[in-house]
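All remarks here apply to the structure that follows.
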Amino acid sequence: IGGVPALSAVFAVITGMVGALTGKYLFDLLRVPAAGEGWTARGFALGTASHGIGAARALQVNADAGAYAGLALGLQVVLAALLMPLVFRFF
């Protein structure tokens with residue numbers, strides 16, 4: 001693509017840290033419940049948006065949230081690997 005790999009790594013770490021630090025407050029603001037199915041939503045969102053750091057934070061908070069964060073992270077990686085070649089053909 002022609003990007004700077006170091007810059008990509010820095011932004012990935014920053015995204016993970018911001019998500020892990022602000023996730024609880026954002027979920028509380030959006031009134032995502034911190035019980036039952038709410039842990040599923042919180043974990044899936046953190047795993048998708050905040051990468052490994054968010055998944056680790058979700059696992060610290062709740063085991064179910066951590067499991068769904070890991071699942072979301074894995075699905076995101078597989079889908080990105082499959083869809084990126086198709087996207088780049090159009091650009």
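Within the group 87, 32, which residue is buried (at least 16 other Cβ atoms within 10 Å of the Cβ) and over 15 Å from the mean Cα position of the chain (by Cα)? Let's see the steps before the verdict.
Values: 87 fails: buried (at least 16 other Cβ atoms within 10 Å of the Cβ).
None of the others qualify; the one that does is 32.
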Regarding the stretch 5-12, can at least one residue be identified that is touching a residue at least 12 places away in the same chain (Cβ under 8 Å), surrounded by 11 or more Cβ atoms within 10 Å (Cβ to Cβ) and not acidic (Asp, Glu)? yes
What do you reckon, is residue 89 part of a helix (DSSP H, G or I), over 25 Å from residue 37 (Cα atoms) and either free of Cβ contacts under 8 Å to residues at least 40 places away in the same chain or basic (Lys, Arg) (or both)? yes
Would you check which residues across the stretch 25-34 are assigned to a helix (DSSP H, G or I) and either free of Cβ contacts under 8 Å to residues at least 12 places away in the same chain or closer than 15 Å to residue 63 by Cβ (or both) and list them? 25, 26, 28, 29
Output for the stretch 35-52, where each listed residue is assigned to a helix (DSSP H, G or I) and more than 8 Å from the chain's Cα centre (by Cα): 37, 38, 39, 40, 41, 42, 43
Given the conditions (1) β-branched (Val, Ile, Thr); (2) closer than 20 Å to residue 8 by Cα; (3) modelled with pLDDT under 95, report the number of the one that residue 32 does not fulfil. (2)
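Name the one entry in 38, 70 that is surrounded by 11 or more Cβ atoms within 10 Å (Cβ to Cβ), in contact (Cβ under 8 Å) with a residue 12 or more places away in the chain and not hydroxyl-bearing (Ser, Thr, Tyr).
Details: 38 fails: in contact (Cβ under 8 Å) with a residue 12 or more places away in the chain.
Of the residues listed, the single one that is surrounded by 11 or more Cβ atoms within 10 Å (Cβ to Cβ), in contact (Cβ under 8 Å) with a residue 12 or more places away in the chain and not hydroxyl-bearing (Ser, Thr, Tyr) is 70.
The values are calculated or read from the model by the stated rules, or taken from the named source; none is laboratory data. These numbers were taken from a predicted model, which means no experiment stands behind them. Quick reminder, even Gly has a Cβ in these numbers, built from the backbone with ideal geometry, and neighbours come from all protein chains shown.
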